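The values are calculated or read from the model by the stated rules, or taken from the named source; none is laboratory data. Since we're looking at a predicted model, the values are computed, not measured. Methodologically, a virtual Cβ is constructed for each residue, glycine included, from the backbone with ideal geometry; neighbour enumeration extends over all protein chains shown.
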Amino acid sequence: MIKQKRRSTLKKIFISLLVVIAICGVGLAYFAYKIIYQNNVNLAEKESVYIYIPTGSSYNDVKSILYDQDIILNKHTFEWLAERKNYNNLVRSGRYHIISGMGNNDLINLLRSGEQKPVMVTFTNIRTKEQLAGVISRHLETDSLSVLNTLNCNGVMSEYGFTTEQAKLMFLPNTYEFYWNTSAGELLDRMYREYNRFWNEKRREKAAEMNMTPIRAGILASIVQLETSKKDEMAKIAGVYINRLERNMALQADPTVVYATGDFSINRVLNRHLNIDSPYNTYIYRGLPPGPITLPEPYTIDQVLNYEKHNYLYFSAREDFSGYHNFAKTHSQHIANARKYQQALNERRIMK
């Protein structure tokens, strides 16, 4: 009887222990679940945010980025799991998309995976290398000075087949995807691939037939682009410049003079502008300038490659300010057209 009571007591104790263990196990499992999977991202009312982890950042730097923006609800659980997932040794720079409701596990996996969200960078209406470097630095980690120094480095640009004056031609106007932490060197490599993709065999053959290289065609296209906003007139204007180049005549392109002054607010080129001593002043120096005066659009380059063949040597803006031009075969005809436009400018009091 005593043995039976002891057995019954031991059984109750054993069962109690099992219950306690089970309860503890459930508690530990729930605690572990909270640490690993439960929401630990605080974005207030936002659905998502982007964080930027600079190149060379440490684990402590990442924590500062997250904590300074109040993204983490419970810092202790984040750090506990991050250290066990070895994130402190797996920090990767970049631009990361953090979504509301993320748990520690998803957040840490994202950060250590290096799976960034790319940024979209658009190159258009850019006149100078300084402007180009500024656009790049506003979207990517690399600073404008690094980009500018790269574009101005003879050694670097010669590896791509350009002079520093021609460097902008590599950046064909378009919208491109980049990772935020793309370096200046990686950026150039990408743009050079895009440049060669555009300048396929067919386009290179057309340029050769015109006794031009892709670089020379791009420089001419940059002038044509600033001469007219009318796409249906570009091939005709390109034909005028081709005719002048073939006759070794000065191009006398007003947009190159404006570029030489560096004052892009000029609406009327005056005689004092024509005397500026610059290789970009095509009133003084014959042939094409040493580099593009804007980023030529692919469409404009194609209009140059398919230029209209005619006998015109001159053109002047129409006096009706329609944006189109009057074309002339002789200098006297051109002077008459130019006077009409100058009179229209005077009537509108456009003096500079």
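Does the stretch 161-175 contain any residue that is loosely packed, with under 14 Cβ neighbours inside 10 Å, among the charged types (D, E, K, R) and closer than 30 Å to residue 55 by Cα?
no
With the checklist (1) buried (at least 19 other Cβ atoms within 10 Å of the Cβ); (2) more than 30 Å from residue 226 (Cβ to Cβ); (3) among the hydrophobic types (A, V, I, L, M, F, W, C) in hand, flag the one item residue 90 doesn't pass.
The number of the failed condition is (1).
Among the candidates 209, 141, which residue alone is out of contact with any Asp or Glu (no Cβ under 9 Å at 6 or more places or on another chain), outside the structural domain of residue 53 (by TED's automatic domain parsing) and without any contact (Cβ under 8 Å) to a residue 60 or more places away in the chain?
The match here is 209.
Which residue is nearest to residue 51 (Cα to Cα), if the candidates are limited to the stretch 68-99 and must be among the hydrophobic types (A, V, I, L, M, F, W, C) and more than 30 Å from the chain's Cα centre (by Cα)?
Result: 72.
Return the total of residues in the stretch 150-167 being assigned to a helix (DSSP H, G or I) and among the acidic types (Asp, Glu).
Adding up the residues that qualify gives 1.
Out of all the residues in the stretch 283-320, which are among the β-branched types (Val, Ile, Thr) and either in contact (Cβ under 8 Å) with a residue 40 or more places away in the chain or touching an Asp or Glu at 6+ places or on another chain (Cβ under 6 Å) (or both)?
293, 294, 300, 301, 304
Has the stretch 122-136 got at least one residue that is part of a strand (DSSP E or B), more than 30 Å from residue 228 (Cβ to Cβ), touching a residue at least 60 places away in the same chain (Cβ under 8 Å) and in contact with a strand residue (DSSP E or B) (Cβ under 7 Å, 6 or more places away or on another chain)?
no
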